[in-house]
Amino acid sequence: MLIFKLFIALLFSSLFLVFCFQMYQYSITRLREKKQKACLALGIAFSSLGIVGLIYRNSVMIIIGLVLIMLGLRLIAHGLDRIDKKIFIDKFDEDQ
């Protein structure tokens, strides 16, 4: 009976992770400001859900929590990316 419960938990968790990965892919393929807003919001949500998942002392929930934290931090990093990449701040522009 324990193996059956573990199988069901892994099945539902894999479906949930696939859904989260699809939302991740959707948010990083958007353009400009929409990408920033979507990535930051979804990144914060994923990180929060991952932290909540670590509260439970179940091995399946711990793995899901760690994966969600990693996806959330990656989304936050995508959301902090510059919009206009034509301006390079590291080039020194001499007196004109």
Checklist entry - Counting Lys and Arg as +1 and Asp and Glu as -1, each charge on the Cβ, what is the dipole of the chain about the Cα centre in debye, to the nearest 20? => result 500 debye
Item to check | the chain - mean residue ellipticity at 222 nm from DSSP helices (-39,500 (n - 2.57) per run, n ≥ 4, rounded to 500) | outcome: -25500 deg cm²/dmol
Item to check | Residue-level accessible surface for LEU10, protein heavy atoms, 1.4 Å, Å² | outcome: 90 Å²
Checklist outcome for this item: In whole µm²/s, the translational diffusion coefficient that Stokes-Einstein assigns to region 38-91, given a Kirkwood hydrodynamic radius over C-alpha pairs, 4 °C and 1.567 mPa s, equals 107 µm²/s
Checklist entry - For the chain, what ratio Rg/Rh do Cα atoms give with a Kirkwood hydrodynamic radius? => result 1.22
Checklist entry - Within region 28-67, what residues put their amide N at less than 16 Å from the label point 7 Å along the Cα-to-Cβ vector of PHE16? => result 45-67
Checklist entry - Of all the stretches in the chain, which is the longest one without any exposed loop site, taking chymotrypsin sites (Phe, Trp or Tyr not before Pro) in a DSSP loop (any state but H, G, I, E, B) with at most 13 other Cβ atoms within 10 Å? => result 1-55
Checklist outcome for this item: Using the Kirkwood radius over Cα pairs of region 2-58, the Stokes-Einstein translational diffusion coefficient at 4 °C and 1.567 mPa s, in µm²/s and rounded to a whole number, is 100 µm²/s
Next on the checklist: If you roll a 1.4 angstrom probe over the protein chains with everything in place, what fraction of the accessible area of region 38-91 belongs to carbon and sulfur, to the nearest %?
Outcome noted: 71 percent
Item to check | Formal net charge of residues neighbouring GLY43 (Cβ-Cβ distance under 15 Å; K, R +1; D, E -1) | outcome: +4
Checklist outcome for this item: In a Gaussian network model of the chain with springs linking alpha carbons closer than 10 Å, the residue among LEU73, LEU31, LEU49 that fluctuates most is LEU31
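The values are calculated or read from the model by the stated rules, or taken from the named source; none is laboratory data. Predicted model only: the values in this text are computed from it and were never measured. Cβ: placed from backbone, ideal geometry, glycine included. Neighbour counts: every protein chain shown. For the accessible areas, the whole protein counts, side chains as well, though only heavy atoms, and no ligand, DNA or RNA atoms are used. Shrake-Rupley method; radii C 1.70, N 1.55, O 1.52, S 1.80 Å.
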